[in-house]
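These notes are about the structure you will find just below.
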Amino acid sequence: MKTKLFIILFLSLSLIFGCSKLKEKVEQKVNKEIEKTAEDVKTKVDSTLKSAGEMDKETKVKEALDEQKILEDPNGQWAIDADASSSYSSTRDGGWGVLQMTGKPNVQTYGDNSYAWASKDPDKGIEWVELTFAKPVHAKELRIRQTYNPGAIIKVTLYDEKGNREIVWENVDKTVYKENSIQYFTAKFDKTDYKTKKVRITMASNVVSGWNEIDAVQLVGE
């Protein structure tokens, strides 16, 4: 009888000890798997962040080169005078006044900036600006540098030397703009058979909330 009890006790202890060892091994294996998974996730995250950083650098380089190409375009000229349906500034040359649209770009970063033009009120509805250039040309393109809340432009009109108007682009701007980034709106059209040195840009300010600011406008032609 005692021998049987001893055997049962021995087997029970062996079973308990064996289970403990098995449990310990399972826990060790699970912990190793967790550590490996965590390392894999970290590696993937680091790789993704590195790739994103490299892409961001490439994008910025491309944007800088594109901007430089526009600035150096031999067939491009910047406005020398401007007018508008309304302006945030009470004076032509004040902050956000019409003359902020003349000359080469001088707003360096995206956002509300007094070196760009803005309408008197945001989101009011139809607004327009008119730009005059030094040299009459057979135009083929207009580049509008939008520095805050782009996307409100709905029409581009050219004036010939007699004051006659021609709408060369009219639509809803469907451009997908990069968030928080200075963006050009480019209207391309067949080269005009007449010469022009004056354009009108019409906007629906209620389409894109906030002030829709313009820094500079370039007319391209020969």
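The values are calculated or read from the model by the stated rules, or taken from the named source; none is laboratory data. A quick note: this is a predicted structure, and the numbers were derived from the prediction, not measured. Positions of Cβ are backbone-derived with ideal geometry, glycine not excepted, and every protein chain shown enters the neighbour counts.
Here are a few things to note about the model shown:
- Out of VAL172, VAL208, sole residue that is touching a residue at least 24 places away in the same chain (Cβ under 8 Å), hydrophobic (A, V, I, L, M, F, W, C) and over 24 Å from TYR88 (Cβ atoms): VAL172
- Within region 165-175, considering residues that are in contact with a Phe, Trp or Tyr (Cβ under 8 Å, 6 or more places away or on another chain) and over 12 Å from ARG200 (Cα atoms), the one modelled with the lowest pLDDT: THR175
- For VAL137, the requirement of being of a type in the set (A, V, I, L, M) and either surrounded by fewer than 14 Cβ atoms within 10 Å (Cβ to Cβ) or within 27 Å of SER205 (Cβ to Cβ) (or both) is not met.
- Each residue in region 115-125 was checked for being of a type in the set (S, T, N, Q) and closer than 17 Å to ASN180 by Cα, and 0 pass.
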